[in-house]
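A.B. asks: Before anything else, here's the structure in question.
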Amino acid sequence: MKRQIYVVLTVLSVMLLGRCQSGQTPENENIKSSYDEGKALASKYCEACHAKGSGRMRVAPSLNAVRTHYLDAFPEEEDFIYAIVDFVRHPSREKSVMPGAVEKFGLMSALSYSEDKIESIARYLYHVDESEGEEKGKGKRKRKHKDQQPSEDIVAFAMQTKKALGQQLMQAIERDGPAGAVDFCHIEAIPITDSMSEHLGVSVRRVSDKPRNPDNAATPEERKILKRMYKQMERRGEAFAYSDKELGRHYIPITTNAMCLQCHGVPGKTIDVATFEAIKEAYPNDSAVGYDVDQIRGMFVVTE
């Protein structure tokens with residue numbers, strides 16, 4: 001009898017151990033799948049504005065900062081999710097739990113994403129803390145040539161332009177998909193940049209040494225500055241903005257995120273067939289592909 005009990009317990013132990021090593025119960029697999037979906041959606045739709053990195057380069061608070069403030073205000077999961085969905089769909093200063101961020105970056109525009117997508121992103125934020133390593137080394141690294149860094153106001157001009165472009169581009173992607181958004185960029189990107197220049201009272205241009213639109217091609221002098229940024233990124237993992245005070249010109253790097261790769265990544269991998277065909281039709285001499293995340297795609301040139 002004792003031997004039979006021992007055999008049964010052994011079999012049960014092996015079964016339980018196998019389930020633990022394999023990953024998991026169906027319930028756990030469903031939860032993990034839900035978080036993976038939320039993470040992918042956050043990367044696709046949110047990181048263009050809410051990316052990690054230097055606060056001076058942001059156009060909105062980081063996702064971790066958003067998570068922290070909403071957890072403080074809404075510690076219960078369903079309250080947390082409802083508050084984020086409500087704010088994203090109908091943003092207002094009264095609803096914001098981050099008044100300092102609204103003051104610094106401005107109030108975000110209402111987004112037309114489905115409620116299911118926003119809920120998935122909010123649930124992921126509630127359960128997953130990816131703050132480790134954010135702003136790594138902040139305050140410890142001494143920058144050389146501090147006097148050659150542009151002022152916060154100048155950086156803000158570039159970031160406001162990026163925000164205006166990014167928000168309208170995301171809406172175009174949500175409405176027409178990446179292929180349809182190619183037409184939006186072809187027609188609207190430069191006029192939006194020009195209108196922001198007029199609104200801000202300075203000249204703001206986007207340039208690249210691998211341009212899609214020939215009008216965005218960097219000059220020989222701008223190419224030298226981009227090469228400097230590439231070397232900084234390679235050595236330090238980030239590139240710094242640079243000012244030529246004598247000419248009144250300021251150069252702010254543009255780095256890629258997951259959303260960018262839908263049109264600037266690798267054809268057949270992150271760029272689907274329809275999108276790549278639309279790119280080739282609109283830009284026969286395009287060279288703005290082959291990028292991965294966190295690479296320099298170009299820079300803003302702000303001229304006072």
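A.B. asks: (1) in a helix (DSSP H, G or I); (2) closer than 19 Å to Ala156 by Cβ: which one isn't true of Arg235, the others all being true?
C.D. replies: (2)
A.B. asks: Oh, and also: Can you tell me how many residues within the stretch 169-187 are surrounded by fewer than 16 Cβ atoms within 10 Å (Cβ to Cβ) and of a type outside the set (D, E, K, R)?
C.D. replies: Going through the stretch 169-187 one residue at a time, the tally reaches 3.
A.B. asks: Is it the case, given these coordinates, that Tyr82 is hydroxyl-bearing (Ser, Thr, Tyr) and assigned to a helix (DSSP H, G or I)? Steps first, answer last, please.
C.D. replies: Values: hydroxyl-bearing (Ser, Thr, Tyr): yes; assigned to a helix (DSSP H, G or I): yes.
Yes, satisfied.
A.B. asks: While we're here: Quick one: Gly166 ticks every box in (1) modelled with pLDDT of 85 or more; (2) out of contact with any strand residue (DSSP E or B) (no Cβ under 9 Å at 6 or more places or on another chain); (3) in the same structural domain as Ile252 (by TED's automatic domain parsing); (4) surrounded by 14 or more Cβ atoms within 10 Å (Cβ to Cβ) except a single one, so which number is it?
C.D. replies: With respect to (1) modelled with pLDDT of 85 or more; (2) out of contact with any strand residue (DSSP E or B) (no Cβ under 9 Å at 6 or more places or on another chain); (3) in the same structural domain as Ile252 (by TED's automatic domain parsing); (4) surrounded by 14 or more Cβ atoms within 10 Å (Cβ to Cβ), Gly166 is out only on (1).
A.B. asks: Return the residues of the stretch 162-202 that are of a type in the set (Val, Ile, Thr) and touching a residue at least 12 places away in the same chain (Cβ under 8 Å); say none if nothing qualifies. Even if it seems obvious, please write down each step before you answer.
C.D. replies: Taking the stretch 162-202 first, the residues of a type in the set (Val, Ile, Thr) are 173, 182, 187, 190, 192-193, 202.
If the condition is that a residue be of a type in the set (Val, Ile, Thr) and touching a residue at least 12 places away in the same chain (Cβ under 8 Å), then Ile173, Val182, Ile190, Ile192, Thr193, Val202 are the ones that fit.
A.B. asks: Looking at Lys104, Lys117 in this structure, which one is more than 16 Å from the chain's Cα centre (by Cα), under 15 Å from Glu47 (Cα atoms) and part of a helix (DSSP H, G or I)?
C.D. replies: Numbers: Lys104 fails: under 15 Å from Glu47 (Cα atoms).
Just a single option satisfies the conditions, and that option is Lys117.
A.B. asks: Going through the stretch 264-304 one residue at a time, which ones are without any contact (Cβ under 8 Å) to a residue 24 or more places away in the chain, exposed (fewer than 15 other Cβ atoms within 10 Å of the Cβ) and β-branched (Val, Ile, Thr)? Working first, answer last.
C.D. replies: Step one: filter the stretch 264-304 for residues without any contact (Cβ under 8 Å) to a residue 24 or more places away in the chain, giving 267-270, 273, 276, 280-281, 284.
Remaining after also requiring exposed (fewer than 15 other Cβ atoms within 10 Å of the Cβ): 268-269, 273, 280-281, 284.
The one that is without any contact (Cβ under 8 Å) to a residue 24 or more places away in the chain, exposed (fewer than 15 other Cβ atoms within 10 Å of the Cβ) and β-branched (Val, Ile, Thr): Val273.
A.B. asks: Quick one: would you say Met229 is in the same structural domain as Val202 (by TED's automatic domain parsing) and crowded, with 20+ Cβ neighbours inside 10 Å? Walk me through how you get there before you give the answer.
C.D. replies: Values: in the same structural domain as Val202 (by TED's automatic domain parsing): yes; crowded, with 20+ Cβ neighbours inside 10 Å: yes.
So Met229 passes the test.
A.B. asks: If we scan the stretch 212-224, do we find a residue that is of a type outside the set (S, T, N, Q), over 25 Å from Lys44 (Cα atoms) and not in a helix (DSSP H, G or I)? Step through it out loud before you land on a result.
C.D. replies: Here is the first cut: in the stretch 212-224, the residues of a type outside the set (S, T, N, Q) are 212, 214-215, 217-218, 220-224.
Applying the additional criterion that residues be over 25 Å from Lys44 (Cα atoms) yields 214-215, 217-218, 220-224.
Now restrict to residues that are not in a helix (DSSP H, G or I): 217-218.
Scanning the stretch 212-224 turns up at least one residue that is of a type outside the set (S, T, N, Q), over 25 Å from Lys44 (Cα atoms) and not in a helix (DSSP H, G or I).
The values are calculated or read from the model by the stated rules, or taken from the named source; none is laboratory data. Predicted model only: the values in this text are computed from it and were never measured. All Cβ positions, glycine included, derive from the backbone under ideal geometry; neighbour counts span all protein chains shown.
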